[in-house]
1. Net charge near GLN118: determine it from the other residues with C-beta under 13 Å of the C-beta of GLN118, scoring Lys and Arg +1 and Asp and Glu -1.
2. Where in segment 53-107 are there GluC sites (Glu not before Pro) that are in a DSSP coil and have at most 16 other Cβ atoms within 10 angstrom of their Cβ?
3. Using a Förster distance of 35 Å, how high is the FRET efficiency between ALA61 and LYS84, based on the Cβ-Cβ distance and rounded to 0.05?
4. Ranked from highest to lowest mean number of other Cβ atoms within 10 Å per residue, what is the order of the peptides 99-109, 6-16?
5. Can you compute the modelled spin-label distance between ARG136 and ARG119, with each label point 7 Å from Cα toward Cβ, in nm?
6. If R0 is 22 Å, what FRET efficiency do you get for ASP75 and LEU99 from their C-beta distance, rounded to 0.05?
7. So, by mean Cβ neighbours within 10 angstrom, what's the order for 31-37, 132-138, 112-118 with the highest one leading?
8. How much length, in nm to one decimal, is gained on full extension between ALA126 and ARG41, taken as 0.36 nm per residue of separation minus their Cα-Cα distance?
Amino acid sequence: MESVDAAIRAAIEDYIRTGWSLILPPGAIVLLGAVAQLEARQRIGEFHAAQPMAMQEGALAATAWEPLSDEDRADEATMALRRKHEAVTWRIAGQVQVLPPKTQGDVVDLMLRLGLIQRIGDGDSARWTVVRPLPRPQVAILPEKDCESRQHEV
């Protein structure tokens, strides 16, 4: 049986390798790690029981996007990158007919809808799993006018 650390590491490496870190809010990687931990430990129950979630302030109610400092807001390059990242997230959320995520809970819902994680059952009897292999995202990274209608697979 795979160790918990190895299971989390494998899930996170796959997440980064497939390009999801360029599409979903940065906190999604913590959520994926939490699911991998619950799965590896064969824990049944609420998502917030995973250690990565317990260590995160606000857990699922936390904002989906990290707050920006005044210094970051003043930096045009940082703001342009942040707006582009948010736009890609919004676009992929629209592809699966969900609203753009505002909280970590919304990110979980988006990850479920995108087929990155699965929840079997509800409440205290819920089992969480990481979908393997993770699907590759298909989303236009640049607006159509900038990429001349090309679709990029990340």
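A short reminder: the numbers here are calculations on the coordinates, not readings from a lab. Values in this document were obtained by computation on a predicted structure and should not be read as measured data. Glycine also receives a Cβ, built like all others from the backbone with ideal geometry; neighbour counts cover every protein chain displayed.
1. Details: positive: ARG113, ARG119, ARG127, ARG132; negative: GLU39, ASP109, ASP122.
Overall, the nearby charge balance is +1.
2. Values: sites: GLU57, GLU71, GLU76, GLU86; in loops: GLU57.
Sites meeting the loop and neighbour criteria: GLU57.
3. 0.85
4. Numbers: 99-109: 19.0, 6-16: 17.3.
Highest to lowest by the protection proxy: 99-109, 6-16.
5. 3.0
6. On the way: r = 28 Å, r/R0 = 1.28.
In this case the efficiency is close to 0.20.
7. Working: 31-37: 25.7, 132-138: 13.0, 112-118: 18.0.
Going from most to least packed, we get 31-37, 112-118, 132-138.
8. Values: separation 85, 0.36 × 85 = 30.60 nm, distance 1.35 nm.
29.2 nm is the gain from fully extending ALA126 to ARG41.
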